[in-house]
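Chemist: First the structure, then my questions, so here it is.
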Amino acid sequence: MSEEYKVTPWEVTGEVDYEKLIREFGVSPLTDDLVSRFRKIFGELPSEISRKLFYAHRDFDVILDKVESGKKIYLYTGRGPSGPMHIGHLFPFVFTKKLQTMLNTELFIQITSDEKFLYHRNIGREEIFEYTIDNIKDILALGFDYKNTYIIDDLRAIQYLYQIAVSVAKRVTFSTAKAVFGFTHDTNIGMIFFMSIQAAPSFIGYFINDKYEGCLIPAAIDQDPYWRVTRDIATKIKLPKPAQIHGKLLPGLKKGIKMSASIPETSIYLSDSPEAVKKKIWEAYTGGQPTIELQRKYGGDPDKCVVFSYFKFLFEDSDDKLRERYEACKSGELTCGECKRELIDRINKFLEEHRRRKEKITDEYIEKYLINNKVDLENHIRQYKLLR
Ligand code: TYM
């Protein structure tokens with residue numbers, strides 16, 4: 001990977017060159033042709049696709065073929081509960097919710113409590129348990145329906161994944177894991193095995209409902225290394241290769257500093273107060289000129305502006321209005337101050353509403369989504385008798 005930026009499942013730094021990343025990861029771009037097919041099949045386009053925020057894929061064309069010929073596919077996505085969620089973490093879930101409605105299908109959400117315990121030296125069990133509940137509440141506040149959504153919390157539901165995980169682990173050598181994930185002799189052995197746990201939900205649907213003929217994973221592109229290995233193993237265990245649709249990462253608020261849990265000013269957390277949002281956005285990096293006079297004269301650069309990217313990712317539903325904002329910035333008609341004020345207002349309205357919905361999600365309500373309560377374990381394990 002290039003020097004200027006780094007994208008791994010655990011760390012994203014620098015300014016990501018997304019076109020280059022397509023080549024480096026060996027994924028395919030989401031072409032205009034695929035976008036048109038999507039529109040034709042579903043009759044509409046989610047903004048994440050029309051704006052190419054979900055911009056690359058593996059076998060998304062195969063998924064569209066299957067959907068077109070009436071075959072059933074399920075969705076799989078996830079979250080690692082290492083801290084409170086920021087707005088970037090929510091983004092793939094917002095898109096997943098739209099896909100779930102369009103496909104009218106089941107969704108498996110993996111909460112990798114084990115991964116975060118293994119990866120972070122300084123995070124203990126207690127914090128992981130706390131963040132697991134808190135993050136699940138943030139995710140469910142988006143309105144997923146318990147009737148077709150399963151939550152798999154690894155530390156509490158490993159028995160549902162383990163049959164698949166051992167079949168995957170048996171076929172991944174240490175040299176492959178090292179090459180794909182950059183593991184070293186200092187990596188703990190839990191992390192080396194963990195990839196087979198993240199692979200497991202890519203196949204679980206087939207053992208819960210035999211109507212499924214494919215799995216689609218919406219996530220940001222940082223998770224791709226997992227899928228590269230998972231897809232190779234699929235062939236070996238004679239199950240369909242999971243397909244992916246890859247999103248871009250919402251950039252951090254400060255230039256050159258990644259969105260980081262240890263530097264709270266770099267992102268908007270779902271728990272941020274209105275004052276905190278105001279301060280963070282006010283100090284955010286923009287594509288504007290240093291003075292209003294220069295802005296009016298030369299215009300700004302929305303392509304380089306973090307404030308604009310927040311509108312583009314989550315805070316402007318209308319493609320037309322987004323385009324108007326883009327043009328008004330470029331022509332100098334719109335100033336950074338005006339743009340920031342509007343963004344602060346939209347984020348705070350969104351967060352207020354989000355927290356209102358989150359408050360209603362009780363610990364008991366979460367139980368309805370847990371795979372432990374939805375799928376009988378004994379029967380489930382019997383389904384694996386033919387798995388190699
Ligand atoms: P995690 O918790 O790091 O991230 C959760 C989801 O958010 C995406 N993401 C972002 N999207 C937009 N902007 C950002 N700045 C940003 N940062 C992270 C991630 O790609 C992910 O989609 N190991 C995983 C948990 C997991 C998973 C999965 C994720 C298990 N199975 C299947 C996706 C799909 C993790 O720690 O995600």
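The values are calculated or read from the model by the stated rules, or taken from the named source; none is laboratory data. These figures come from a predicted structure and were not determined experimentally. Virtual Cβ from ideal backbone geometry, glycine too; neighbours counted across all protein chains shown. When the accessible area is computed, the model is the full protein with side chains, heavy atoms only, and any ligands, DNA or RNA have been set aside. Shrake-Rupley method; radii C 1.70, N 1.55, O 1.52, S 1.80 Å.
Chemist: For the stretch 277-297, check the following and say yes or no: at least one residue is of a type in the set (Phe, Trp, Tyr), outside the structural domain of Tyr18 (by TED's automatic domain parsing) and away from the ligand (no atom under 12 Å from the Cβ).
Modeler: Yes.
Chemist: Related question: Just wondering, is there one or more residues in the stretch 341-361 that are touching a residue at least 40 places away in the same chain (Cβ under 8 Å) and in contact with a Ser or Thr (Cβ under 7 Å, 6 or more places away or on another chain)?
Modeler: No, every residue in the stretch 341-361 fails to be touching a residue at least 40 places away in the same chain (Cβ under 8 Å) and in contact with a Ser or Thr (Cβ under 7 Å, 6 or more places away or on another chain).
Chemist: Taking the stretch 151-160, which residues are of a type in the set (A, V, I, L, M) and out of contact with any Asp or Glu (no Cβ under 7 Å at 6 or more places or on another chain)?
Modeler: Answer for the stretch 151-160, where residues must be of a type in the set (A, V, I, L, M) and out of contact with any Asp or Glu (no Cβ under 7 Å at 6 or more places or on another chain): Ile151, Ile152, Ala157, Ile158.
Chemist: Return the pair list, or none, for Cβ contacts closer than 7 Å from residues in the stretch 77-98 that are free of Cβ contacts under 8 Å to residues at least 40 places away in the same chain and assigned by TED's automatic domain parsing to the domain that holds Phe194 to residues that are of a type outside the set (Phe, Trp, Tyr) and part of a helix (DSSP H, G or I), at least 6 apart or on different chains.
Modeler: Close Cβ pairs satisfying both conditions: Gly80/Glu115; Gly80/Lys116.
For (1) more than 24 Å from Thr230 (Cα to Cα); (2) of a type in the set (D, E, K, R), each residue gets a yes or a no:
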residue	(1), (2)
Lys20	no, yes
Gly26	no, no
Pro29	no, no
Arg39	yes, yes
Pro46	yes, no
Ile73	no, no
Arg79	no, yes
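Chemist: So which of Asp138, Asp154 is at pLDDT 95 or above, closer than 22 Å to Lys360 by Cα, within 14 Å of the ligand (Cβ to nearest atom) and buried (at least 17 other Cβ atoms within 10 Å of the Cβ)?
Modeler: Asp138
Chemist: Has the stretch 176-193 got at least one residue that is part of a helix (DSSP H, G or I), touching a Ser or Thr at 6+ places or on another chain (Cβ under 8 Å), open to solvent by 50 Å² or more (accessible area, probe 1.4 Å) and more than 28 Å from His86 (Cα to Cα)?
Modeler: yes
Chemist: Right, something else. For the stretch 265-362, please list each of the helices (runs of 4 or more DSSP H) lying entirely inside it that holds at least 3 residues being open to solvent by 40 Å² or more (accessible area, probe 1.4 Å).
Modeler: 274-282, 292-298, 319-331, 336-359
Chemist: Moving on. State the number of residues belonging to the stretch 364-380 that are in contact (Cβ under 8 Å) with a residue 40 or more places away in the chain and open to solvent by 60 Å² or more (accessible area, probe 1.4 Å).
Modeler: The number of residues fulfilling the criteria is 3.
Chemist: Separate question: Name every residue in the stretch 201-234 that is part of a helix (DSSP H, G or I), open to solvent by less than 20 Å² (accessible area, probe 1.4 Å) and among the aromatic types (Phe, Trp, Tyr), in order of residue number.
Modeler: Listed by number, the residues that qualify are Phe203, Tyr226, Trp227.
Chemist: Within the set of pairs 6 or more residues apart or between chains, which connect a residue that is in the same structural domain as Gln110 (by TED's automatic domain parsing) inside the stretch 131-148 to a residue that is among the acidic types (Asp, Glu) and open to solvent by less than 10 Å² (accessible area, probe 1.4 Å) with Cβ atoms less than 9 Å apart?
Modeler: Close Cβ pairs (under 9 Å, with a partner that is among the acidic types (Asp, Glu) and open to solvent by less than 10 Å² (accessible area, probe 1.4 Å)) amount to Thr132/Asp153; Ile136/Asp153.
Chemist: Still on this structure, please answer the following. Could you grab me the full set of residues in the stretch 1-49 that are of a type in the set (Ser, Thr, Tyr), closer than 30 Å to Met195 by Cα and out of contact with any Gly (no Cβ under 8 Å at 6 or more places or on another chain)?
Modeler: Ser2, Thr13, Tyr18, Ser28, Thr31
Chemist: What are the residues in the stretch 86-105 that are within 15 Å of the ligand (Cβ to nearest atom) and polar (S, T, N, Q), if any?
Modeler: Result: Thr96, Gln100.
Chemist: Taking the conditions exactly as written (among the charged types (D, E, K, R) and within 12 Å of the ligand (Cβ to nearest atom)), does Asp114 satisfy them or not?
Modeler: Yes; evaluated as a whole, the condition is true for this residue.
Chemist: Also, I was wondering about something else. Given the stretch 1-85, what helices (runs of 4 or more DSSP H) lie entirely inside it while holding 2 or more residues that are away from the ligand (no atom under 16 Å from the Cβ) and open to solvent by 50 Å² or more (accessible area, probe 1.4 Å)?
Modeler: Ranges flagged: 18-25, 32-42, 60-68.
Chemist: Please work out if Glu316 is at pLDDT 95 or above and within 23 Å of the chain's Cα centre (by Cα).
Modeler: yes
Chemist: Could you go through the stretch 88-108 and let me know if any residue there is basic (Lys, Arg) and farther than 21 Å from Pro46 by Cα.
Modeler: Scanning the stretch 88-108 turns up no residue that is basic (Lys, Arg) and farther than 21 Å from Pro46 by Cα.
Chemist: Here is a further query. Which members of the stretch 99-126 meet the condition of being assigned to a helix (DSSP H, G or I) and touching a residue at least 24 places away in the same chain (Cβ under 8 Å)?
Modeler: Selection gives Leu99, Gln100, Met102, Leu103, Ser113, Asp114, Glu115, Lys116, Phe117, Leu118, Tyr119.
Chemist: Given the conditions (1) among the aliphatic types (A, V, I, L, M); (2) closer than 30 Å to Thr266 by Cα; (3) touching a His at 6+ places or on another chain (Cβ under 9 Å); (4) without any contact (Cβ under 8 Å) to a residue 60 or more places away in the chain, and given that Ile49 satisfies all but one, which numbered condition is not satisfied?
Modeler: (3)
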